[in-house]
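Here's the structure we're looking at; comments come further down.
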Amino acid sequence: MKGNIKPCLILAVPQHTPSNLHAVLVLSDAISLRWSFAEHDPDNMLYYSFKVLYHPINHNAERVLTVEGHNKRSCFLSGLRPKTAYQLRVMAFSAEGDGQASLPVTVATLDGGK
């Protein structure tokens, strides 16, 4: 029965936490982010994507942007308010659940200049 054996992929919750979350571009209504993520199980890694969690510092209503693809390490948040500080975190996730979120960073958008 050797010919009938097929590889089995076991999906799991991501065990590693994204790190080095930082802004690479800040505008009055948008923030471009990058992060690092080192996963040691390349088979399961194919099924990971990322969630970017963000909210203005003075509000607790968190928004979530899904970044599809295990090889993505950046995103662009738009539609933000000028001159507002945002708390940002990122986490890997799979069909089995969410991994641990990164440490939060705070980034303030620029003044709209009107």
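The table for this structure:
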| item | result |
| --- | --- |
| Globularity ratio of the stretch 11-108, using Cα Rg and 2.2 N^0.38 Å | 1.07 |
| Nitroxide proxy distance, nm - points 7 Å out along Cα→Cβ at Gln15 and His55 | 3.1 nm |
| Taking the stretch 19-110 and dividing mean pair separation by its residue count, relative contact order in percent (alpha carbons under 8 Å, at least six apart) | 33 percent |
| Cut-off 10 Å between beta-carbons: net charge of the residues surrounding Trp35, Lys and Arg +1, Asp and Glu -1 | +4 |
| Pairwise label distance in nanometres, Glu62 with Ala101, each label 7 Å out on the Cα-Cβ vector | 0.2 nm |
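Read-outs throughout are calculated quantities, based only on the coordinates presented, and are distinct from any laboratory measurement. For clarity, every value in this text was computed on a predicted model and none was experimentally measured. Cβ atoms come from the backbone with ideal geometry, glycine included; neighbour counts cover every protein chain shown.
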